[in-house]
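The values are calculated or read from the model by the stated rules, or taken from the named source; none is laboratory data. Quick caveat: nothing in here was measured; it's all calculated off a predicted structure. Cβ sites come from the backbone with ideal geometry, for glycine too, and all protein chains shown count toward neighbours. These accessible areas exclude ligands, DNA and RNA; they are computed on the full protein's heavy atoms, side chains included. Shrake-Rupley method; radii C 1.70, N 1.55, O 1.52, S 1.80 Å.
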Amino acid sequence: MNHSHLRTVYESGGPYATVYLEGRTPSADAETQLRLRWSELRDQLSESGAGESLLESIDAIILVDEPTEVHTDGRTIVANSQGVLLDEHWDAALGDGDAAHYGDVPELGAYLRQECRQFDVVLVIAGQDGAAVRELSVTPDRERTENESVHVTGDNDEDINKPRRGAYSHNQIRRRVDEIIKANARSVSDFVDRLITENAPDAVVLAGEVQGRTVVKAELSVRAEELLHEISEGGNDDDGAEEAIDVAVRTLVTRLAGEREAENSERLAESKAHDRAVEGHAEVAKAVERGAVATLLLDDAEAAEGEAGIIAQAVLSSAEIGLSHEPMPEGIAAILRYDVGAALAD
């Protein structure tokens, strides 16, 4: 994955404070809990050398008037003497814990592992009157975030309930209803295409009752079809529609994340066979310093020792970053832009 949006963070210069706030269950004393949690992390950063002005810039992010969102969603924050450089939602599931780091480079390994597992999804819940369309960000093990749902339909507001009789006039009405349903589906397809153009999602998920899915699917463009995954959840008769869709989308994203990591492992094996990959801290650090790394691969679970500096060099040299589920020496490897001899030559 490309992480060029982090270049400005690394180009700003250190030292940096990196803060991870775990997402917690909503509670009446969220403000008190948040103040206590941040106070402990703040003391750690201060003892490590972080200046008061830097810490105050993080205060402004965490100690807000309405702390519920920060408390429940969690945060990844990076700041230096210039102020806050990165402020992102972090962890909406218990388990990762809070953490604070102060050093010459940001400690963004955990954040990037989450980003590499995150999929931007256009969810289309189809019906005969068009579709509800949502943009989601989903990871396998965390709460999804989403933009507000948009109901997309055609310009015609005629009733689409088909008559039950078979008279000629009724056949005409049926044809007219079919035209309206098809026009609604075309509007949905056009809207999805705009989202693909503007936001480049990783997947388009088509849900809803079968008739609605069928007519919308028939109108989707080629590029939407290339991203398409169809699920059966979300029909009008589904009492637990929202929960069913959430489970189905998360199951899909878990599979896609696994496939992405497996593909990275396969690329690494193929690159090693052609002498275009290195493994282990020393060789990866040397290659990335020389701008020879095309893709930096991190262990999908454990941080490699000294990986923060390597990640910084990788981002600054426009290398992609991905995860691998296969064991790698010292938990880190790199696919190179050219052969090992040229990459590591003195």
Every residue from segment 52-84 that is under 19 Å from the mean Cα position of the chain (by Cα) and not basic (Lys, Arg) = Glu69, Val70, Thr72, Asp73, Gly74, Thr76, Ile77, Val78
Single residue of Ser57, Ser48 found to be more than 19 Å from His89 (Cα to Cα) and at pLDDT 90 or above | Ser48
Given the conditions (1) in a helix (DSSP H, G or I); (2) surrounded by 14 or more Cβ atoms within 10 Å (Cβ to Cβ), every one holds for Glu326 apart from (1)
Pairs, first at positive phi in segment 258-276, second hydrophobic (A, V, I, L, M, F, W, C) and open to solvent by less than 80 Å² (accessible area, probe 1.4 Å), C-beta under 6 Å, six or more apart | Asp275/Val340
Taking segment 277-292 on its own, how many of its residues are open to solvent by 10 Å² or more (accessible area, probe 1.4 Å), touching a residue at least 40 places away in the same chain (Cβ under 8 Å) and in a helix (DSSP H, G or I)?
-> 3
Flag for Glu320 being within 20 Å of the chain's Cα centre (by Cα) and within 25 Å of Glu146 (Cα to Cα) | no
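Table: residues versus (1) over 18 Å from Leu112 (Cα atoms); (2) charged (D, E, K, R); (3) in a loop (DSSP other than H, G, I, E, B); (4) touching a strand residue (DSSP E or B) at 6+ places or on another chain (Cβ under 6 Å).
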| site | (1), (2), (3), (4) |
| --- | --- |
| Ile310 | no, no, no, no |
| Ala314 | no, no, no, yes |
| Ser318 | no, no, yes, no |
| Gly322 | no, no, no, yes |
| Ala334 | no, no, no, yes |
| Tyr338 | yes, no, yes, no |
| Gly341 | yes, no, no, no |
| Asp346 | yes, yes, yes, no |
Among the residues of segment 258-276, write down those that are open to solvent by 30 Å² or more (accessible area, probe 1.4 Å), closer than 22 Å to Glu115 by Cβ and among the acidic types (Asp, Glu).
-> Glu259, Glu263, Glu266
Sort out for me the helices (runs of 4 or more DSSP H) sitting completely within segment 117-228 that have 3 or more residues that are modelled with pLDDT under 95, basic (Lys, Arg) and touching an Asp or Glu at 6+ places or on another chain (Cβ under 8 Å).
-> 168-199
Ala312 vs (1) closer than 18 Å to Glu11 by Cα; (2) without any contact (Cβ under 8 Å) to a residue 24 or more places away in the chain: all pass except (2)
Report, by residue number, each residue of segment 247-257 that is without any contact (Cβ under 8 Å) to a residue 60 or more places away in the chain and open to solvent by 20 Å² or more (accessible area, probe 1.4 Å).
-> Val247, Thr251, Arg255
Any idea which of Asp29, Asp104, Asp87 is open to solvent by 30 Å² or more (accessible area, probe 1.4 Å), in contact with a strand residue (DSSP E or B) (Cβ under 7 Å, 6 or more places away or on another chain) and of a type outside the set (Phe, Trp, Tyr)?
-> Asp87
Any idea which of (1) over 18 Å from Ser265 (Cα atoms); (2) in contact with a helix residue (DSSP H, G or I) (Cβ under 6 Å, 6 or more places away or on another chain) is the one Gly309 doesn't satisfy?
-> (2)
Can you give me the number of residues within segment 32-58 that are hydrophobic (A, V, I, L, M, F, W, C), farther than 15 Å from Tyr16 by Cα and open to solvent by less than 60 Å² (accessible area, probe 1.4 Å)?
-> 2
For residues in segment 1-22 being small (Gly, Ala, Ser) and closer than 25 Å to Glu52 by Cα, which is modelled with the highest pLDDT?
-> Ala17
Residue, most open to solvent (accessible area, probe 1.4 Å), within segment 173-232, restricted to residues that are in contact (Cβ under 8 Å) with a residue 24 or more places away in the chain and acidic (Asp, Glu) | Glu230
Of the conditions (1) more than 30 Å from Leu298 (Cα to Cα); (2) modelled with pLDDT of 95 or more; (3) of a type outside the set (S, T, N, Q); (4) surrounded by fewer than 13 Cβ atoms within 10 Å (Cβ to Cβ), the single one that Glu242 does not satisfy is (2)
From Thr25, Thr72, which residue is touching a Lys or Arg at 6+ places or on another chain (Cβ under 8 Å), more than 16 Å from Tyr102 (Cβ to Cβ), hydroxyl-bearing (Ser, Thr, Tyr) and at pLDDT below 95?
-> Thr72
